[in-house]
Every structure is written in structure tokens, then in C-alpha cells.
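Participant: I have a structure here, written as C-alpha cells, and I will follow up with some questions on it.
We did not get these values from a lab; they are worked out from the coordinates using the rules stated. Given the structure is predicted, the values throughout are model-derived calculations rather than measurements. Here the Cβ positions follow ideal geometry from the backbone for every residue, glycine too, while neighbour counts run over all protein chains shown.
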Amino acid sequence: MTSRQITTEPPANTVGQDTVAVQAIRRQRLDGPVTGWRRLRLRLGTLGLVCVGILAVVVLTAVFAPYIAPYDPYVGSIVDRHLPPSLEHWFGTDQSGRDIFSRIVWGARTSLIGPTVVVLVAAVSASLLALTAVWFGGRVDAFIGRVLDVLFAFPNMLLAILAVAIFGPSLLTASIALAIGFTPYSARVIRSVALRERNLPYVSSAQLQGISGLVITGRHILPNVRTQIFTGMTINFGYAMIDLAALSFLGLGVQPPTPDWGLMVSNGQASLLQGYWEQSVFAGLAIVITVAALGYVGEQLGGRRAAGRTR
Amino acid sequence: MLNVEHLTLAVADPDTGEETEILRGNSFSLRQGEALGLVGESGSGKSMTLKCLLGIEPGGARVGGSIELDGTDLLAARGEQLRRIRANDLALIAQNPHGALNPVLRVERFLVEGMADARGIPKAAAKARAADLLRQVGITDTERVLGSYPHQLSGGMLQRVVIAGAMSGEPKLLLADEPTTALDVTTQAEVVAILDEKRRQHGLSMIFVTHDLDLAAAVCDRLAVMKDGAILEIGTPDDIRDRPKTEYTRALMAARPLLHPAGRAPVPANGTEAHE
């Protein structure tokens, strides 16, 4: 099964044990070409598809929050504080008597927007820096490398806290500061892959045809590193979500009373000690499930597992 | 049209700073429509000469002398000027055609890009010309080839595509760096025949780098024999074969394997390893 021998005979005539390649061909003949849905299934695996489903639910929740949330996330009655989960309040109520389920539904919005901003800004700036460094090489590469080194020296959180201290606490400030903190990590990865691509002979061949560096970088190198950029984005998204939650937890990101998962974990902390676990745990679960699902999908799309083995 | 004077190339050892001369003050010139063959053993500086012409000498190398193409100094060209020269005046056909094309783009994109992005021909016109160019290099099922990815085509087919791409810009000077070495023997002949025919049709000048002396003699008007970075002699193929001026050329001619049944065994040229 696992042997790597090359068979010169056509698949139909092979006798005895099939090689992996022959099995793949047989399967393809039986099931038809690998396209669309089948291709996605092969790529992601069953668990991957479940994760995509979870992410779809999270996104739809964020989009349709007003229609899903049974209560106003901002209004609660002090009389109803710290109610346990019930049919009326699925996840119970918080210290101000607000419905936790409704706040988690609305919180999906802020909790998704922040990391999206981080990931997009980081991907764009990292790609620009990495591709510039790779194309020009030499001194430009060295200079950009040192700039990234300097950024590496600052922990992401410190950078974000610094930005918040200067520009005041807000989701946007925290997100952009985190994006800057994430840039060197992505840039390093993209640079290494792009460098390999840059050194392939077809790139110098295109250069010798008189095609400009901008066109070669945009049309040849960028498409060949897009998998790494995309995978990096999905993985960063999880980190960004956790970091932003931590910033909100510290009171430096999303400001109360805006519903946000990280903020909810933070707010529930005090009541946690009094035995009211609902707010922190449900908000924490929302973070963990989303991050885990995204991380798994990203890993699968990054091709860490061979497509054939996911079946 | 091409004038190369005292071309030198030296590379410094990054640790010791000691310089090694790779090209030792070579001079040669090329007339319009003439084909010059650079022959010699591996490491004699044939390919390096081409790299100097194209401006892709290894990083940190020091180039001296002058290279003039129709009055333009190639060694002084930089940036946009260099890009224009490469796009309009020079064309390279490299050893391995599989390396010349982006593996994830179709052949059509390769040809169109060469015309549209490098030379500013409108995309639609470039597309229309692509099929025509392929027909000129003897490819009949142009639809299939244009829609193929490089890995789906044979080396010979791909080298024809590269030749078509090189011809698309009507360059002044064609640079062929062992264009047939990576191909099998039967396709070698075809590819050389096409290259030669196209070159004569368009009246292009060419520098043909090879270590196949007989091939060079068949394709080129003059041959330059190189050894250790220096051009030993330049002459017509007949001169080189029958009236070699240097002992090395004589030895190189004797080192050629012959296909006659009664032929003598090849003898290693002076200073050449037997396995080369």
C-alpha cells in the first residue's frame, strides 16, 4: 500500500497490490473527476467541513444578530441579575441582569470585526514588505529585515497597549496596533516562500523578456505565495481574536457596555468567584470554538495533510 | 552591430577578497545577420559572456571593457533602459525550456505576456499573434498547445514555444545558451533546424553557445574557441576545423566523437578531464 514503486502498466491490468497512485486513479474513474464539493471534502476532511459549518454559523449570527437575539443586549433589570440558564434565558443573565445569550449573539459582531481588520492589515503590509524585500534583494532586503527585527523586539500586546495609551482605547486602535505587531511574523513566512519563487529560472526568464519587476511580482510571485498568505491569515485570525479579547479584558479594546466576548470573559470574572460561572464560560467557549474551527480549516487549506489521507 | 571590446569579468572571493578572472579581455564583433558560435569546454566562460550581454552577471562581479549594441552601451544600461533593451533588442533561448515558463500559467499567457507587458502590444493583438507565432515554429495544433500548462508539453515542444516567444519581439540579437542540451537527440535536430530557419528568415544576428563543435559549425558563420575565459581564436568553421591556429583548437577538434564506423576513438583535449 505504502510502497513507492512506479508501475508502468496501465491501472486496469495491474495484478496484485495496488500502489497509492493506482488506487487514486481507480477511485477517480469510479467517482468522476475531483471537482467542486468532492474537492472541498478531500481538501478539508469531514472535521474540516464541520469547522466550516461552525464558522458559517458564527458569521451568520453576527450578520443577523438583531433577528436572533431574543433580548436587547444593552438592557437588563437589576432584579434579574445572575439568573441561571433556563428556557427563558438560555445562558442565564449577567451581573446587570442582561441576557447572556443575546450579548454573545451581538458580541459576534465586534469579536469578528476586530480580528478581520488585524488580519487584513497585517496580510497587506506583510506581503508588501516581503515582496519588496525579495524583489530588490541586497540592501533593501537587509533593511526591511532589520525593520522587522525591531518590530519583533516588541511584544504584540505591548505595542497595542502603547498605541492605546497614545490614541485612546478603541477597537480600531487596538486592531491596527496588533496588525503592526503581527506583520513581521507573516512577512518572514511570505519572504521565505517568495524568495524560493524568485530564484526559479522562469522569473529571470521573464525579467530577460523585459517584463517589469512590478508585473513579475504581482502576476508570478504573488499568486504562488497566496496559499501561505491565506493560511497565515486564518492562523493569525485566531491569535488576533485572543489578543483582542485579552485587550478588551484589560479594558483597552472594546469599551463597555458594547457586547464583546473578551469583555464578557473579563466582566464575568468577578462573579465567577461568587459561583456565577455562566458569563465567563459561555463567552470563553464562543472564543475557543471559533478560534479552534478557524485554526483547523486554515491548517487543512495550508495543505499540511495530504489530500488523499483525509478520506 | 554588436561590438565587444576587452570584456573582462572578475569575481572576488567573499572571504579572502581574492579576485578570480572569469573572462580575460575578450573582443569580438558581430555583423547584422551573422551567427557566432562560442565553443569550448565547460567553465571556459561561454555562458558568462552571454550573461554579461544580458546584464545578469553574478552579484558582486566586476565587469570591464565595453559592449555596444548598435551604438548603445549595454554595460552602462540600468533600470528602465535595460528593461527596454531586453524587451526589444535581445532574446534569450536558455538550456532548459521547462525553467523558462511559469509552471502554473498556460502557454498562451507566456507568449501574450512577452508581447503585451514587455513590449506594449495590445493584449487582443498579442493573443491573435500567439497562434501565428506557434505555427511559424512548426506547431500545428496551436489551440491545444496554447491551452496547455508547461508540464503537459515535451521539452522539444516547449523549446519551440520559447523560440516563438523569442521571435515575437523581432529582437536584434538572439542569444542561444545550449538550446538543445536538455533535449533528446531526435528533437535536438528539429529544434536547431527551426531556430536556424527562423533566424535566417528574419535576418537576425545570433550568438550560439554550445560545446557541440559539429552543431556549432553547422549553424554558425564563425566560431570563437574559448578556453579558461579567453577567446583563443575566431574563424569560419572551415578554418577552425582544417586550419586551427592553436594547439588547443587542434586538440579540441580531435576530442570530438565521430560517428564513422572506422573512426578513431576521441582523445581528451589538452588540460581537459576525460569525462568532460
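Participant: Students often forget the sequence filter, so: which lysines lie under 16 Å Cα-Cα from B:Lys245 once same-chain residues fewer than 8 apart are removed?
Facilitator: Within the straight-line limit of under 16 Å, B:Lys245 reaches these lysines: B:Lys227.
Participant: Roughly speaking, what is the stretch gain from A:Leu120 to A:Ser96, that is 0.36 nm per residue apart minus the C-alpha to C-alpha distance, in nm to one decimal?
Facilitator: 5.1 nm
Participant: What's the FRET efficiency of B:Ala254 with B:Asp196 using the Cβ-Cβ distance as r and R₀ = 30 Å, to the nearest 0.05?
Facilitator: That pair, B:Ala254 with B:Asp196, gives E of 0.70.
Participant: Go ahead and estimate [θ] at 222 nm for the protein assembly as shown from helices alone: -39,500 (n - 2.57) per DSSP H run with n ≥ 4, summed, over the residue count, rounded to 500.
Facilitator: Taking each H run of at least 4 residues, the total per residue is -17500 deg cm²/dmol.
Participant: Moving on. Pick out, from A:Ala292, A:Gly76, A:Ser271, the residue whose Cα sits farthest towards the positive end of the charge dipole of the stretch A:46-310, with +1 on the Cβ of Lys and Arg and -1 on the Cβ of Asp and Glu.
Facilitator: Positive-most Cα among the choices belongs to A:Ala292.
Participant: What average count of beta carbons from other chains do you get within 10 Å of the Cβ of residues in B:98-108?
Facilitator: That average works out to 4.
Participant: How large is the translational diffusion coefficient of chain B in µm² per second when you combine the Kirkwood radius over alpha carbon pairs with Stokes-Einstein at 10 °C and 1.306 mPa s?
Facilitator: Approximately 80 µm²/s, per Stokes-Einstein.
Participant: Estimate the FRET efficiency between A:Val63 and A:Trp37 by the formula 1/(1 + (r/R0)^6), using the beta-carbon distance for r and 35 Å for R0, to the nearest 0.05.
Facilitator: Working from the Cβ atoms, E equals 0.90.
Participant: Could you tell me the distance between the Cα centroids of the stretch B:56-81 and the stretch A:212-231, to the nearest Å?
Facilitator: After rounding, the separation between the Cα centres reads 29 Å.
Participant: What relative contact order, as a whole-number percentage, does chain A give when Cα pairs under 8 Å and 6 or more residues apart are counted?
Facilitator: Rounded, it is 22 percent for chain A.
Participant: Provide a whole-number value for the mean count of partner chain Cβ atoms within 10 Å of the Cβ atoms in peptide A:221-230.
Facilitator: Neighbouring Cβ atoms belonging to other protein chains average 1 per residue here.
Participant: Aspartates and glutamates within cross-link reach of B:Lys51: Cα-Cα under 16 Å, excluding same-chain residues under 8 positions apart?
Facilitator: Within reach: B:Glu5, B:Glu21, B:Glu68, B:Asp73, B:Asp89, B:Asp177, B:Glu178.
Participant: Straight distance only, please: which lysines reach the Cα of B:Lys127 with their own Cα at less than 22 Å, same-chain residues fewer than 8 apart left out?
Facilitator: Straight-line reach from B:Lys127, under 22 Å: B:Lys198.
Participant: Right, here's the next one. Counting only complete DSSP H runs, which helices of chain A cover 15 Å or more along their long axis at the Cα atoms and score a mean Kyte-Doolittle of 0.0 or above?
Facilitator: A:36-63, A:100-136, A:138-153, A:156-167, A:171-198, A:222-249, A:261-273, A:278-301
Participant: Also: Mean 1/r over all different Cα pairs, inverted: what Kirkwood radius does the stretch A:60-165 give, in Å?
Facilitator: Over the stretch A:60-165, the inverse of the mean reciprocal pair distance is 17.5 Å.
Participant: If you average the sequence gap of Cα pairs under 8 Å that are 6 or more apart and divide by the length of chain B, what percent do you get for the contact order?
Facilitator: It comes to 25 percent, rounded to a whole number.
Participant: With each label point set 7 Å from Cα along the Cα-Cβ vector, what nm distance links B:Ser66 and B:Thr186?
Facilitator: 5.1
Participant: Under a point-charge model restricted to the Cβ atoms of Lys and Arg (+1) and Asp and Glu (-1), what is the dipole moment magnitude of chain B relative to its Cα centre, in debye to the nearest 20?
Facilitator: Dipole size: approximately 880 debye.
Participant: Could I ask something else about it? Quick one: plug the Kirkwood hydrodynamic radius of the protein assembly as shown (C-alpha pairs) into Stokes-Einstein at 10 °C, 1.306 mPa s, and report D in µm²/s.
Facilitator: This corresponds to a translational diffusion coefficient of 54 µm²/s.
Participant: On to the next question. For chain B, modelled as a Gaussian network with Cα springs under 10 Å, which listed residue fluctuates most, B:Ala128, B:Ala176, B:Ala216?
Facilitator: The residue with the greatest mean-square fluctuation here is B:Ala128.
Participant: What length, rounded to one decimal in nm, is gained on full extension from B:Val104 through to B:Ala218, with 0.36 nm per residue of separation minus their alpha-carbon distance?
Facilitator: Extra length from B:Val104 to B:Ala218 when fully extended: 37.4 nm.
Participant: Follow-up. Quantify how strongly other chains surround peptide B:161-169 by giving the mean number of their Cβ atoms within 10 Å of each of its Cβ atoms.
Facilitator: Averaged over the peptide's residues, the number is 1.
Participant: Put a dot 7 Å past each Cα toward the Cβ at B:Ser29 and A:Phe154; how far apart are the dots in nm?
Facilitator: With each label point 7 Å from Cα toward Cβ, the separation is 6.3 nm.
Participant: Any idea what angle helix B:107-119 forms with the longest principal axis of chain B, computed on alpha-carbon atoms, 0 to 90 degrees, nearest 10?
Facilitator: With both axes taken from Cα atoms, the answer is about 80 degrees.
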